[in-house]
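Step one of this worksheet: look at the structure below.
The values are calculated or read from the model by the stated rules, or taken from the named source; none is laboratory data. Quick caveat: nothing in here was measured; it's all calculated off a predicted structure. Note: ideal-geometry Cβ built from the backbone for every residue, glycine included; neighbour counts use all protein chains shown.
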Amino acid sequence: MDMAHAKEDDLFREEVRDFLAEKLTDDLKRRARAAGWRTFTDHDLAMEWQSILHSRGWVAPAWPKEFGGTGWSVMERFIYQQECLAAGTPRLYPQGLMMLGPTLIGHGTDEQRSEILPRILSGDDLWCQGYSEPGSGSDLASLQTKAVKDGDDYIVNGTKIWTSTAHYANRMFALVRTSTEDRPQKGITFIMLDMDLPGIKVDPIINMAGEHEFNQVFFTDVRVPQAGRVGPEGQGWTVAKYLLEFERGSLSAGASLANALTKLKLFASERERDDAPALIDDGGFRTRLSELEVTADTIAMTEKIVLSSLSANQNPGSAANVSKILSSETQQRIQELAVEAAGYYGVPNHVVLEEFGPNFGPVGPAFARNAAPGYLTGRMSTIAGGTGEVQRNILAKMELGL
Ligand SMILES: Cc1cc2nc3c(=O)[nH]c(=O)nc-3n(C[C@H](O)[C@H](O)[C@H](O)COP(=O)(O)OP(=O)(O)OC[C@H]3O[C@@H](n4cnc5c(N)ncnc54)[C@H](O)[C@@H]3O)c2cc1C
C-alpha cells in the first residue's frame, strides 16, 4: 500500500482549506454543530451549503466531470472529506448526490442523465429513497408495492416505510414489484416518480429523539409514467444493488469518529464537577476513551487500505464491510460515553423542549445538549443501509464461504 503523499495532494489540500476558510462562516459552523445529533442534517442549512458548493462545482466530488462532478481522484476525494470534517461543514442529503446520481450515471439513459443530474446538483430536486416496506427491510426482495402497466404508465399501489426526508422531497426513486412469476428478485423494477402525484400520502414517523426524519408513504392508484423507469423492467434488483454500494461506501468514518472523540475529550477536560477532578483524569473513563481511539485508528487504517485498492482500480473486497460494521458500532459506543460524560446535563431532551417551547433556557454546556439526542438517533447506525447482522452475513459469505 502506497501511503506517501504527493506534492499535488498537499497543494490540493491547501486549495480546499482556502475555500473553506472563505466560505464556511462562523454562523454555518455553529448551525452545523447544533445539528450534529441529527440522523441526516438540518434542511435549510443543507440547502444553503449545497448552493455554496454548487457555485464552486464541488457539490458532487465522486461524479465524473462530464456530468457536473469534480473528476477528482480517490485521494483528492479523501482529502476533501478529511478537510470538511476537520472544519465542521454542514452535511448534505445523500439520496440524490450519493445514491441516485451515481446510479443514473451507471444505468440511466442519456435523457434521464441530462434532465435529472443538473437538478440534483443545484438542489432544485430533492430525492427520497423508497426501498423498505413494512416486513421488507433486510429481506428487501420480498417487497410488495405493486406496479401494473397501463398504457404509457404504471399504476402503483402499496406502501413504503422509514422513507427519510419524504416530507421535504419532491421526487422519489423506488423499487416496485412488476411480476410475481419468477424468483422475487426478478420481478422488481426501479422507478422514479414525483411526490405530488395524486394518490400519494406521506405520514410522519417521529423517532425516539423527537425528530421528524422519516415517514411512511402510501400509494393508492398512483399513475407513474414508464419513462421514469431506470433499466429494463424486472431488472430493478441489479440497479438497486449498484445503488447500495454507494449508500454503504465511505472513506471518512475513521476521521469522523476521531473528530467525535476529540470533542468528547475536550468536554471531559473542561468539565468541572464540584470539587472533583475533571472527568479526563478518571482512570476508567480514560481507559474507555483510549480503547475507542485505538478502534477509530484501526478503522482509519482499514479505510486507507480501501482507498489504496480503489486508487489502483482494485476491488477492496470485504474491507469496506469490516469498516461499516466497526464504525457503526464504535459510533454508538462513543455516543454512550458522551451521555455518561454529560451526566445530568444530558437528561433534558432539548429537541422536544424546543419544539414545544420551554419556559426556561438551555441547561448545561452545548456539548451536553447534543449528547442524549445524539445517542438516541445514533441507534440507527447499525440498522440503516444494512443492519450489522446482515453485514456480518455478507462478510461470512465473502470471506468464509458460509
Ligand atoms: C434512520 C433510518 C433511515 C432510513 N431511511 C430509509 C430510507 O430513506 N428509505 C428506505 O427505503 N429505508 C430506510 N431505512 C430502512 C432501513 O433500510 C431498514 O431499517 C433496514 O434495511 C432493516 O430493515 P428492517 O427495519 O425491516 O429490519 P428487519 O429486516 O426486520 O430486521 C430486524 C432484525 O433482524 C435481523 N435480521 C434480519 N434478517 C437477518 C438475517 N438474515 N440474519 C441475521 N439477522 C437478521 C436484523 O439485523 C435486525 O436486527 C432507514 C432506517 C433507518 C434506521
Flag for THR330 being within 16 Å of the ligand (Cβ to nearest atom), outside any loop (DSSP other than H, G, I, E, B) and either modelled with pLDDT of 90 or more or in the same structural domain as LEU279 (by TED's automatic domain parsing) (or both): no
Report yes if some residue within region 121-135 is of a type outside the set (Phe, Trp, Tyr), touching a Pro at 6+ places or on another chain (Cβ under 6 Å), under 30 Å from ALA62 (Cα atoms) and within 14 Å of the ligand (Cβ to nearest atom); otherwise report no. no
Single condition ALA141 does not satisfy, out of (1) over 28 Å from LEU376 (Cβ atoms); (2) part of a strand (DSSP E or B); (3) within 13 Å of the ligand (Cβ to nearest atom): (2)
Selection status of THR109, buried (at least 18 other Cβ atoms within 10 Å of the Cβ), out of contact with any Leu (no Cβ under 6 Å at 6 or more places or on another chain) and either without any contact (Cβ under 8 Å) to a residue 40 or more places away in the chain or acidic (Asp, Glu) (or both): no
MET98 being under 21 Å from the mean Cα position of the chain (by Cα), at pLDDT below 95 and within 26 Å of ILE206 (Cβ to Cβ): yes
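Conditions tested, residue by residue: (1) β-branched (Val, Ile, Thr); (2) farther than 18 Å from VAL230 by Cβ; (3) assigned to a strand (DSSP E or B).
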site: SER114; (1), (2), (3): no, no, no
site: ASP125; (1), (2), (3): no, no, no
site: GLY158; (1), (2), (3): no, yes, yes
site: SER164; (1), (2), (3): no, yes, no
site: THR180; (1), (2), (3): yes, yes, no
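A quick yes/no check of all residues on (1) free of Cβ contacts under 8 Å to residues at least 60 places away in the same chain; (2) under 18 Å from TRP127 (Cα atoms); (3) within 15 Å of the chain's Cα centre (by Cα):
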residue	(1), (2), (3)
ALA46	yes, yes, yes
TRP58	yes, no, no
TRP63	yes, yes, no
GLY71	yes, no, no
Does at least one position in region 144-151 carry a residue that is hydroxyl-bearing (Ser, Thr, Tyr), surrounded by 18 or more Cβ atoms within 10 Å (Cβ to Cβ) and more than 10 Å from the ligand (Cβ to nearest atom)? yes
Expected output for region 385-402 (first residue not assigned by TED's automatic domain parsing to the domain that holds SER138 and more than 6 Å from the ligand (Cβ to nearest atom), partner among the basic types (Lys, Arg) and part of a helix (DSSP H, G or I), Cβ below 6 Å, 6+ apart or cross-chain) is GLY385/ARG248; GLN391/LYS324
Taking region 208-231, which residues are in a loop (DSSP other than H, G, I, E, B) and of a type in the set (Asp, Glu)? GLU211
Based on this model, can you work out whether THR189 counts as among the β-branched types (Val, Ile, Thr) and farther than 29 Å from ASP44 by Cα? yes
I'd like the full set of residues that are closer than 20 Å to GLY137 by Cα and either of a type in the set (Ser, Thr, Tyr) or assigned to a loop (DSSP other than H, G, I, E, B) (or both), limited to region 182-207. ARG183, THR189, ASN207
Taking region 365-384 as the search range and keeping residues that are within 11 Å of the ligand (Cβ to nearest atom) and outside any helix (DSSP H, G or I), which one is farthest from SER164 (Cα to Cα)? ILE383
Would you be able to say whether some residue in region 285-294 is within 23 Å of the chain's Cα centre (by Cα) and assigned to a helix (DSSP H, G or I)? yes
Pairs, first touching a residue at least 24 places away in the same chain (Cβ under 8 Å) and over 14 Å from VAL217 (Cβ atoms) in region 131-148, second of a type in the set (A, V, I, L, M) and near the ligand (Cβ under 9 Å from one of its atoms), C-beta under 6 Å, six or more apart: SER138/VAL390
Checked LEU251, LEU257 against criteria (hydrophobic (A, V, I, L, M, F, W, C), modelled with pLDDT under 90 and under 30 Å from VAL390 (Cα atoms)); the one match is LEU251
Can you tell me which residue within region 216-234, out of those that are buried (at least 21 other Cβ atoms within 10 Å of the Cβ) and under 13 Å from LYS160 (Cα atoms), is nearest to the chain's Cα centre (by Cα)? VAL217
For region 98-115, state whether one or more residues are over 20 Å from THR41 (Cβ atoms), within 12 Å of the ligand (Cβ to nearest atom) and not aliphatic (A, V, I, L, M). no
Within region 175-208, how many residues turn out to be within 27 Å of PRO232 (Cβ to Cβ) and aliphatic (A, V, I, L, M)? 9
Given the conditions (1) more than 16 Å from the chain's Cα centre (by Cα); (2) within 30 Å of ASN393 (Cα to Cα); (3) among the aromatic types (Phe, Trp, Tyr), every one holds for TYR80 apart from (2)
Looking at PRO184, is it more than 20 Å from the chain's Cα centre (by Cα) and within 12 Å of the ligand (Cβ to nearest atom)? no
